[in-house]
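A.B. asks: Got a structure for you, written out below as structure tokens; questions coming shortly.
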Amino acid sequence: MTLRSNSLRVLAFCALAAAILPARETRSSPTSALPLPSDPWSPEQTVLAADFAKEVQQKHDPSLQIIYVGVHTLYAGAHIPGAVFHGPGSNEQGIADLKKYGDSLPKNSNVVLYCGCCPLDRCPNLRPAFTGLRDHGFARLRVLILPTSFAADWIEKGYPIEKGQ
């Protein structure tokens, strides 16, 4: 199976899940950073795509760690420059891999987690990954808010990407 067909299958699965899963409370607007009641992060622990794109391009903070916690096929298709893959956050092995990677980082690292496999309010990866690293002692932990998907909220807006790996 090719990388393209795997990516298409994952995207089709996310679209199907978004259509049939019961809708959770929705965000007030597509760019809202306000967390849902079920989100483990606070508003201060979020960053909007436009703001984070500027932060990535400026490269001022050497402790910045960008971690993609979705499925590998989507990461290989395109990801934020400098991001590393540790996931998926939806399974025990992915969380174990993420925590092992976290062991190699100083606990005061500026960590930004993102997924973007599907709409944020239905993402199976981000919440467990955030909780795992928060409980692992990371205090400077943020979530990149991608309300619709990485494709719609990052790539289509022209923010920087890398491909491969």
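Derivation of every value follows stated rules applied to the coordinates shown; laboratory data play no part. Worth saying up front: this structure is predicted, and the values here are computed from it rather than measured.
A.B. asks: How large is ³J(HN,Hα), in whole Hz, for each residue of segment 145-150 in order, when computed from phi with the Karplus curve 6.51 cos²θ - 1.76 cosθ + 1.60 and θ = phi - 60°, using x for Gly and Pro?
C.D. replies: 7, 10, x, 9, 5, 4
A.B. asks: Output wanted: per-residue J couplings in Hz (rounded whole) for segment 92-108, from phi through Karplus 6.51 cos²θ - 1.76 cosθ + 1.60, θ = phi - 60°, x for Gly and Pro.
C.D. replies: 4, 5, x, 5, 4, 4, 4, 5, 4, 4, x, 4, 8, 10, x, 5, 9
A.B. asks: Give a residue-ordered list of calculated ³J(HN,Hα) values for segment 49-65 (Karplus: 6.51 cos²θ - 1.76 cosθ + 1.60, θ = phi - 60°; whole Hz; x for Gly, Pro).
C.D. replies: Running phi through 6.51 cos²θ - 1.76 cosθ + 1.60 with θ = phi - 60° gives 4, 4, 5, 6, 4, 5, 4, 5, 5, 7, 6, 7, 9, x, 8, 5, 10 Hz.
A.B. asks: Given K54/K99; K99/K163; K100/K157, which pairs have Cα atoms separated by over 26 Å?
C.D. replies: Correct reply: K54/K99; K100/K157.
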